[in-house]
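In what follows, a single structure is set out as structure tokens and then discussed.
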Amino acid sequence: MCSEHIAQYLQNRAKAIIYTTAPSLFDIALGYQGLLYILKNKVQLHSQIKERQAIINEAFETKIEGLIFAYTLEEGCNVLAVQQKLIEQGFLVGAIRPPTVVRPMLRIIPRLGECSERLKILCELVKESAQ
């Protein structure tokens, strides 16, 4: 809803506004470097993933396929209070409440950048806090 002159100007000079979903050259380079890192370290990364999955599997008697674990709490449990207790202990976990989900849950992501001992501590704290 503008003149042809303004439309042409915007098409040629406002690409950063018009095409904001396109990744920047920096984003592409960063993604490429990440891919090279994964390819170079795939055996070590795979081992670390398996180690974290085993910790979650043992602690919660469940099996996770990736690195996201949804720990479901009892209905009516104050998931935000549980999340706050974990934050106070130095752990950031997601808290998801109804109506987004049927029952409140914690989303735990055992990142590779954290040591496995901290993950074990987190698992114990989650089990204690959720009671």
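The values are calculated or read from the model by the stated rules, or taken from the named source; none is laboratory data. Quick caveat: nothing in here was measured; it's all calculated off a predicted structure. No Cβ is skipped: glycine too gets one built from the backbone with ideal geometry, and neighbour counts run over all protein chains shown.
Residues that are under 30 Å from Ile38 (Cβ atoms), in contact (Cβ under 8 Å) with a residue 40 or more places away in the chain and assigned to a strand (DSSP E or B) are absent from region 113-130. Tyr32 passes all but one of (1) farther than 23 Å from Ile109 by Cα; (2) at pLDDT below 95; which number fails? Going through the list (1) farther than 23 Å from Ile109 by Cα; (2) at pLDDT below 95, Tyr32 breaks only (2). Taken together, Val43, Val102 contain a single residue that is in contact with a Ser or Thr (Cβ under 9 Å, 6 or more places away or on another chain) and of a type outside the set (Asp, Glu), which is Val102. For region 1-82, the helices (runs of 4 or more DSSP H) that sit wholly inside it and include 1 or more residues that are farther than 20 Å from Ile121 by Cβ, touching a residue at least 24 places away in the same chain (Cβ under 8 Å) and aliphatic (A, V, I, L, M) are 42-60.
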